[in-house]
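Following: one structure in structure tokens, then a few remarks.
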């Protein structure tokens, strides 16, 4: 209803304040198909190049735990570059490039120092500075003082060719399903160890910004190890005592995940439909109705086995012994 400010809601009998029926029909029907997702239902997986690590335990032993230390993450963002042109006095907007935008990830600073060790490995892999800084005299050389015996490398002169992160996968989950965002060749563009403060009784964290070359998308059903590394370590395996009823047992969690099975089975379904069409056309046998030759009654349909919702009408009976041809198109019912 529209709100009218000059009416008294308490005394005007024409004003009806309705309940939550509309919202319930939109957000609760069909297994909460259109209900909003929660921000805290997510998982992040890092594809770390084991060959870039000085300590292989970071991946082999603690790889899944790094995923669990993510506190928050931005989903991919894009900037589309457009230009307004004049096409014979008609304004025309054209796009000429798009740029994936920098996104942020926040980590818990754990007591073990796992995330700190992850950054140290990344920093030491791409940049020679932390290794050179540990060498006595490496930073005593200046433009005015020559030290011929110092031959340390600096900056990006660290012979790093392959990427440290092969990918970063972000999973947004709901109703035992997920949407996957895969960032290709991500590079850390900013790392912040953040501030320490005696005046704050708060948890410490690390923040980083990353840039990436491309994003790919996919969907799937949540299971152990899918999303990657999910529910494999430090996960509560105790079944929940909470349960609910499905008011419509014919509705099975409608989503785009289920459509993947239909797409994969499309060739076999099409072949089956073709076989059913051939069978329907090749098996038109006349019958006798009250002693008069004819065909099957006009409203008789033949359902195709294994292809739900598709029926093939048979030819109709005719008093003058003429045969009505089968339709050339297939209609679903």
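What follows is calculated from the coordinates using simple rules that are stated; it is not laboratory data. Only a predicted model underlies this, so the values are computations on that prediction, with no experimental measurement involved. So basically every Cβ, Gly included, is an ideal-geometry build from the backbone, and we count neighbours across all protein chains shown.
By other beta-carbon atoms within 10 Å, ranking 79, 209, 195 with the fewest at the front produces 195, 79, 209. Each of 215, 222 was scored by other Cβ atoms within 10 Å of its Cβ. Listed from fewest to most, they are 215, 222. Based on the alpha-carbon gyration tensor of region 41-148 and its eigenvalue square roots a ≥ b ≥ c, which shape applies: rounded if a/c is under 1.5, prolate if not and a/b is larger than b/c, or oblate? Verdict is oblate for region 41-148. Look at where the Cα atoms of region 37-104 and of region 156-194 average out, and the two centres are 7 Å apart.
Neighbour counts of C-beta atoms inside 10 Å place 81, 65 in the sequence 81, 65, starting with the fewest. A Förster distance of 56 Å, applied to the separation of the beta-carbon atoms of residue 275 and residue 141, puts the FRET efficiency at 0.10. In terms of its C-alpha gyration tensor, region 119-190 comes out prolate, because a/c is 1.5 or above and the ratio a/b outweighs b/c. Answer rounded, prolate or oblate for region 196-244, using the Cα gyration tensor with square roots of eigenvalues a ≥ b ≥ c: rounded when a/c is under 1.5, else prolate when a/b is larger than b/c, else oblate. Judged from the Cα gyration tensor, region 196-244 comes out oblate (a/c at least 1.5, b/c at or above a/b).
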